[in-house]
Amino acid sequence: MEISRRNALLVNIEADTVVSREEIQAGIEKAKEMMADAGIDSDVTYEDLVSWCESELPLPEITIGDIVVDPLLLIHEMTEIDEMLKMGLELTKDALGKDPNRVATARLRAMEKELDVARHFNAVEHIQRRLEELETRAKDNALTEDVRRGYSRLRTASKETLRVLEK
């Protein structure tokens, strides 16, 4: 099936990979349903997600296509967007450079909510995969002490969650 550029978002220029607007919107709706089931709200729109992904994702090897097919990763990005907007930050290319501490705080909150939803759905493998990143961020001297402590607490809580879920 051919997807016109008008109805699609170019997500990886080198590979010329496209994800349709409908696929992105469907992913957002699924993520919102999962979040609601876990007691979390999100007002993120298609436009918000595209703006954020077109700006400066912290991991350049991840595309909007990768995000849309992984509901928990999409929940992370949607929460990060929600948190940034609540802080009055704009979803622009220079958001990270303008206020790295608040962006780091938004990312921590996004990880917390992502893992809350993962726990709600007993997503053991997902939580296991995130432990290494939690460890790395807990030791990242570019982050404030408060944010590093937040990642450390989240890692400890995630390990306890796994202990309980794996019984």
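Suppose the filter is touching an Asp or Glu at 6+ places or on another chain (Cβ under 7 Å), modelled with pLDDT of 95 or more and in a helix (DSSP H, G or I); does Arg130 pass it? When the stated conditions are applied, Arg130 does not pass them. When residues of segment 80-104 are filtered for being touching a residue at least 40 places away in the same chain (Cβ under 8 Å), crowded, with 17+ Cβ neighbours inside 10 Å and either touching a strand residue (DSSP E or B) at 6+ places or on another chain (Cβ under 7 Å) or part of a helix (DSSP H, G or I) (or both), how many remain? Of the residues in that region, 4 qualify.
Mind listing just one residue for me: the one in segment 53-79 that is at pLDDT below 85 and among the hydrophobic types (A, V, I, L, M, F, W, C) and, of those, surrounded by the most Cβ atoms within 10 Å (Cβ to Cβ)? Residue satisfying both the conditions and the ranking: Ile64.
The conditions of being under 27 Å from Tyr46 (Cβ atoms) and either surrounded by 14 or more Cβ atoms within 10 Å (Cβ to Cβ) or under 15 Å from the mean Cα position of the chain (by Cα) (or both) are met by Ala110.
The values are calculated or read from the model by the stated rules, or taken from the named source; none is laboratory data. None of the values given here were measured: they were computed from a predicted structure. Cβ atoms come from the backbone with ideal geometry, glycine included; neighbour counts cover every protein chain shown.
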